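K.L.:
Below is a structure I'd like to ask you about.
No lab work stands behind these numbers, since they all come straight from the coordinates. What you are looking at is a predicted structure, and each value in this text was computed from that prediction instead of being measured. Cβ sites come from the backbone with ideal geometry, for glycine too, and all protein chains shown count toward neighbours.
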Amino acid sequence: MIIYGVALLGVCLLVGVFLGELLGQIIGVKANVGGVGISMLLLIFLSHWRPIKEKLADGAASGVLFWNAMYIPIVVAMAAKQNVVGALSGGWLAILAGVAAVVLSFALVPILSKASDDPRSLSDEG
């Protein structure tokens, strides 16, 4: 039954790539604009949509959940590769902006970690 989850992923990917290509043509770019992101959002929506969710057996649902979990790291890795290539060809300012964003993100980790340790920050009681 996991094959139904993979089939749902395949349909979402094909629809997303088609819509990304169409969006690229509409805005005048000779590239796929957000097709993988569109397909990821479509997969999330369809996997939680009640009529489809009720028809999927437990095995198919676990297949969808597996590919949902795998899909996000794949998209992040693809976007990171494109960003690095763009930054290297974009010059020193693009590289400096990328390094600054990474340093700022690392600097925010202790602050966010400390905020999550505070029981008042996450409680519903206020």
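K.L.:
Listed highest first by mean packing, meaning other Cβ atoms within 10 Å per residue, what order do 31-40, 94-103, 107-116 come in?
P.N.:
Listed from highest to lowest mean packing, they are 31-40, 94-103, 107-116.
K.L.:
To continue, here is another question. So how much slack lies between Phe106 and Ala69, counting 0.36 nm per residue of separation and subtracting their Cα-Cα distance, in nm? Mind dumping the intermediate values first?
P.N.:
Values: separation 37, 0.36 × 37 = 13.32 nm, distance 2.40 nm.
Length difference between fully extended and current span is 10.9 nm.
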